[in-house]
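Trainee: The structure that follows is given in the form of structure tokens.
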Amino acid sequence: MKNLTFQEKTLWISLFAVIFVYGLYYLNVLPAVDGNMETPHIWQYFKYIGLLILVIVIGVVAIAIKDRNELVDERQKLIEMKADRVSAYLLHSGILVAIVVAMFVPGNYWFIHTITVVGVLTDVVNKIQQLLAYKRGY
Amino acid sequence: MGKSPNISNQIRSLRFHHEEMTQQQLADLVGVTRQTINAIEHNKYSPSLEVAFKIAVAFNKPLTEVFQYEAH
């Protein structure tokens, strides 16, 4: 961790937080409901979102205490832009899959969760791409 | 910007001839991270013209003495 930039450390923390929190959510919630997403399910989802934000904020604050003066330079911005471009294609493809799910699966539950899975996968792929680019140098 | 196999540089030897200037010291002068200086030095990343000029200014050398381009 010593040779990593603030950006890389933030990416690692966000990646672990997303995998951990959404992993918990899908393990606990996904098999339990079918048909429609009701108000209690939505509140449960927001609880996990709150947990995700909390984990990321605690992690980022912890590393910011040490690296608070570090800037974001042109290479880091380019790495982020490259990863965002690929993620955008993935997101658009995932939305098409969600539309197909909405057409053929009754209720809104699987449609909503296809959207969330697509969002999570897009985010994970984006962060992994950035981490690989940092490892290669660009 | 990005990665170009045709661009090489003399940053390592220039740092050596400037009292073994560290990558962090150069990074602070140029306004980038130490890791970006490392990536430039090892030809993994070609900087923008602005950063290239800032590096040349830091060593008080013309740009062409710091960076070389070979057309194949």
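The values are calculated or read from the model by the stated rules, or taken from the named source; none is laboratory data. Note that the coordinates shown come from a computational prediction; the quantities given were computed from them, not determined experimentally. Here Cβ is always computed from backbone atoms with ideal geometry, including for glycine, and neighbour counts include all displayed protein chains.
Trainee: I need the full set of residues from segment A:1-22 which are under 22 Å from A:Phe46 (Cα atoms) and either more than 11 Å from the chain's Cα centre (by Cα) or surrounded by 15 or more Cβ atoms within 10 Å (Cβ to Cβ) (or both), in order please.
Mentor: A:Ile13, A:Ser14, A:Leu15, A:Ala17, A:Val18, A:Val21, A:Tyr22
Trainee: Taking B:Gln68 as the residue in question, decide whether it is in contact with a Ser or Thr (Cβ under 7 Å, 6 or more places away or on another chain) and away from every other protein chain (no Cβ under 14 Å).
Mentor: Yes: the conditions hold for B:Gln68.
Trainee: Turning to a different aspect of this structure: When the residues of segment A:65-97 are filtered to those that are over 15 Å from the mean Cα position of the chain (by Cα) and hydroxyl-bearing (Ser, Thr, Tyr), which remaining residue is farthest from B:Leu29 (Cα to Cα)?
Mentor: Ranking the qualifying residues of segment A:65-97, first place goes to A:Ser93.
Trainee: Pull out all pairs, ordered by first then second residue, where Cβ-Cβ is under 7 Å, the residues are six or more apart or on different chains, the first lies in segment A:26-53 and is under 18 Å from A:Phe16 (Cβ atoms), and the second is hydroxyl-bearing (Ser, Thr, Tyr).
Mentor: These pairs meet every condition: A:Tyr48/A:Tyr25.
Trainee: Filter segment B:19-53 for residues that are under 20 Å from A:Leu4 (Cβ atoms), assigned to a loop (DSSP other than H, G, I, E, B) and more than 8 Å from every other protein chain (Cβ to nearest Cβ) and give the result.
Mentor: B:Thr22
Trainee: Considering only residues that are modelled with pLDDT of 85 or more and in a loop (DSSP other than H, G, I, E, B), look in segment A:1-36 and name the one that is farthest from the other protein chains (Cβ to nearest Cβ).
Mentor: Of everything passing the filter in segment A:1-36, A:Leu4 is farthest from the other protein chains (Cβ to nearest Cβ).
Trainee: Counting only residues that are away from chain B (no Cβ under 13 Å) and crowded, with 16+ Cβ neighbours inside 10 Å, how many does segment A:61-89 have?
Mentor: Selection size over segment A:61-89: 4.
Trainee: Let me ask another. Where residues in segment B:1-18 are surrounded by fewer than 18 Cβ atoms within 10 Å (Cβ to Cβ) and in a helix (DSSP H, G or I), which of them is nearest to the other protein chains (Cβ to nearest Cβ)?
Mentor: Taking the candidates together, the pick is B:Arg12.
Trainee: When only residues in segment A:37-48 that are surrounded by 14 or more Cβ atoms within 10 Å (Cβ to Cβ) and in a helix (DSSP H, G or I) count, which is nearest to the chain's Cα centre (by Cα)?
Mentor: Top of the filtered list is A:Tyr48.
Conditions tested, residue by residue: (1) small (Gly, Ala, Ser); (2) under 25 Å from A:Asn69 (Cβ atoms); (3) within 10 Å of the chain's Cα centre (by Cα).
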site: B:Ile7; (1), (2), (3): no, no, no
site: B:Gln10; (1), (2), (3): no, no, yes
site: B:Phe16; (1), (2), (3): no, no, no
site: B:Glu19; (1), (2), (3): no, yes, no
site: B:Arg34; (1), (2), (3): no, yes, no
site: B:Ala58; (1), (2), (3): yes, yes, yes
site: B:Pro62; (1), (2), (3): no, no, no
